[in-house]
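Right, one structure below, let's go through it.
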Amino acid sequence: MFCYQCQETAGCTGCTKIGVCGKSPELAGLQDLLIYVTKGLSQVTSKLRAEGKEVGKNINHFITLNLFTTITNANFDNDIFYNRVSDTLEYKNNLIKLLKDNEDLSDAAVWNGATKEEMDQKAASKEVGVLATANEDIRSLRELITYGLKGLSAYLKHANALGYDKEELDIFMQSTLTKLLDDSLSVDDLVALTLETGKAGVDGMALLDTANTTTYGNPEITKVNIGVGKNPGILVSGHDLSDIEQLLIQTEGTGIDVYTHSEMLPAHYYPQLKKYTHLVGNYGNAWWKQKEEFESFHGPILMTTNCIVPPKDSYKERVYTTGAAGFAGCKHIEGEAGTEKDFSAIIEHAKRCAPPVEIETGEIIGGFAHNQVFALADKVVDAVKSGAIKKFIVMAGCDGRAKSRNYYTDFAKALPKDTVILTAGCAKYKYNKLELGDIGGIPRVLDAGQCNDSYSLALIALKLKEVFGLSDVNQLPIIYNIAWYEQKAVIVLLSLLYLGVKNIHLGPTLPAFLSPNVTSVLVENFGIAGIQSVEEDMKLFFDEE
Ligand code: FSO
Ligand code: SF4
């Protein structure tokens, strides 16, 4: 196996024996094969479109889900991948029959395998997988784009689940996957395609933002309880708001409480979700602490997306998955995007469980997405003008297991008191319980929501640029110090680059999939940099004053 798609990749170079995430070599091969045949299917859909033929929404959603399923920590169930490869081949073969011209299709589009053995053999062949591209710069850019598309697929899937589609994005995704099979594309072509992927990222996050806010209202300032109640509970993790809504509806009046976990915390900020009185709080922290926290929760846990940590036997039978998430041996709740799911098995399970053990008490505050911040704009602008707020620090992104990530807690603590952190994603758990205080009533940690709500942070920056009459977003007093872990953070990064944001600091380490030459391109054109010690970075960011 060879996988280097996430920040925790072995030795900061690549997982080759087993994934640090728990992914086996067999599973890694199947994920590579799924990406390969999805590129093949995309070549066929792109050719069909070029011939003026329609491609159904079901195919677009299927391709989106294929990509999402291969994101870090989303799905650990080999059988799901055998099935998805097999379904991909079936769709593709049916669509090939509709092509007028089926000459010059790539191996990815013409290969077929009917049995698990054939799939395993193909997965291990030299055509499939990251190392199939020999040139390290071409490989680096192909993977950067692939991971960006994986991140985009997650956001599109959530929008699709709420009935929102934007066909141009599906067309872009599929034509780009096809281009990744094209050996005639140069480094320059792929750099350009990387920025186009960033544009699609902005559009994808905008689509999801519209889907979320139209369906559930605009996030508003909300205090979220981090203690527990006396009833048995169901813990909902991941990012899919339509899943938690359906569960909230189905648990109403049952005496079961619903808690959010990790990236589901922002569900509390939406008027149409916070209205449920049995949505009682947020339990625990970021994804990587789940082994201890799922143990003490006592009730069933619903994983709606990543990040799954392979569960311990002691609580595995309480873990349920749905959507793109999966784990062999855990019950999967079926249901296509946009359909009603039946959560009765989880609800019945919860009734047999003890209430959660309280692991902390108090409240955290959030809900500072664009609409809420715009409502406070006068206050924020006054604070900047009066000098009460000197700088904003965008610390969006992900949390993770690496000890080096304590940097972000220490960094937040060391920040001057006249600074405000803008955050989104699970990175916030490194500092959202520190009680950093407020500046004239504006909390020093403004949480916009999930990682895709980084879109809100970009809108806020653009609004500030407008209010202060600046010509360039980089003239704002904003520092970008982003923590990444998996592929959704990659599309957020590409989106920020597309929006023209410069000098982003990325940590705790730079991606292993960036070759030295590709890193140089990013450094020269965008001023991308890593992080140093907290002390050095404090000097770097604040010493000029
Ligand atoms: Fe975190 Fe996991 Fe939201 Fe990611 S829970 S790490 S970037 O899936 O998507 O922030
Ligand atoms: Fe390794 Fe990350 Fe790939 Fe898992 S997803 S195998 S930890 S690089």
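Structure summary
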{"quantity": "Greater than 32 Å apart at Cα, pairs in Lys433/Lys502; Lys57/Lys331; Lys57/Lys433; Lys122/Lys341", "calculated": "Lys57/Lys433; Lys122/Lys341"}
{"quantity": "Between the range 307-356 and the range 239-267, the Cα center-to-center distance that results, in Å", "calculated": "13 Å"}
{"quantity": "The range 195-253: mean projected area of Cα convex hull, nm²", "calculated": "6.0 nm²"}
{"quantity": "Relative contact order, percent, the range 122-229 [alpha-carbon distance under 8 Å, six or more residues apart]", "calculated": "36 percent"}
{"quantity": "Net charge of Cβ neighbours under 13 Å - reference Val373; Lys, Arg +1; Asp, Glu -1", "calculated": "-2"}
{"quantity": "Dipole of the chain, positive direction: furthest Cα of Leu247, Ile364, Ile138, with charges on the beta-carbon", "calculated": "Ile364"}
{"quantity": "Cα centroid separation, the range 456-519 to the range 1-50 (Å)", "calculated": "26 Å"}
{"quantity": "Total charge dipole magnitude, the chain, about the Cα centre, Cβ charges on Lys, Arg, Asp, Glu only, Debye to nearest 20", "calculated": "780 debye"}
{"quantity": "Rounded if a/c under 1.5, otherwise prolate or oblate - the chain, Cα gyration tensor axes", "calculated": "oblate"}
{"quantity": "Whole-Å distance, taken between Cα centres, linking the range 158-175 and the range 58-101", "calculated": "15 Å"}
{"quantity": "Low-density loop cleavage sites - trypsin sites (Lys or Arg not before Pro) in the range 271-331, where at most 12 other Cβ are within 10 Å (DSSP)", "calculated": "Lys275"}
{"quantity": "Candidates per trypsin sites (Lys or Arg not before Pro) in the range 401-454, loop by DSSP, up to 10 other Cβ within 10 Å", "calculated": "Lys417"}
{"quantity": "Nearest-20 debye value, the range 380-530 charge dipole, Cβ charges on Lys, Arg, Asp, Glu", "calculated": "300 debye"}
{"quantity": "Other-chain or far-sequence residues with amide H under 5 Å of Asn75's (modelled H)", "calculated": "Gly326"}
{"quantity": "Extreme residue, positive dipole direction of the chain, given options Gly56, Ala402, Met1 (C-beta unit charges)", "calculated": "Ala402"}
{"quantity": "Dipole magnitude (debye, nearest 20) for the range 10-196, charges at Cβ of Lys, Arg, Asp, Glu", "calculated": "400 debye"}
{"quantity": "Full-stretch length increase - Ser386, Lys331 - with 0.36 nm per residue and alpha-carbon distance subtracted", "calculated": "14.2 nm"}
{"quantity": "Square roots of 5 times each gyration tensor eigenvalue, C-alpha, the range 222-351, largest first, Å", "calculated": "19, 17, 14"}
{"quantity": "Tensor-based shape of the range 388-545 (alpha-carbon gyration tensor, a/c under 1.5 rounded, otherwise prolate or oblate)", "calculated": "rounded"}
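Read the figures in this text as sums done on the coordinates, not as results from a lab. Everything quoted here is computed from the prediction, not taken from an experiment. Don't worry about glycine lacking a Cβ; one is built from the backbone with ideal geometry, like all the others, and counts go over all protein chains shown.
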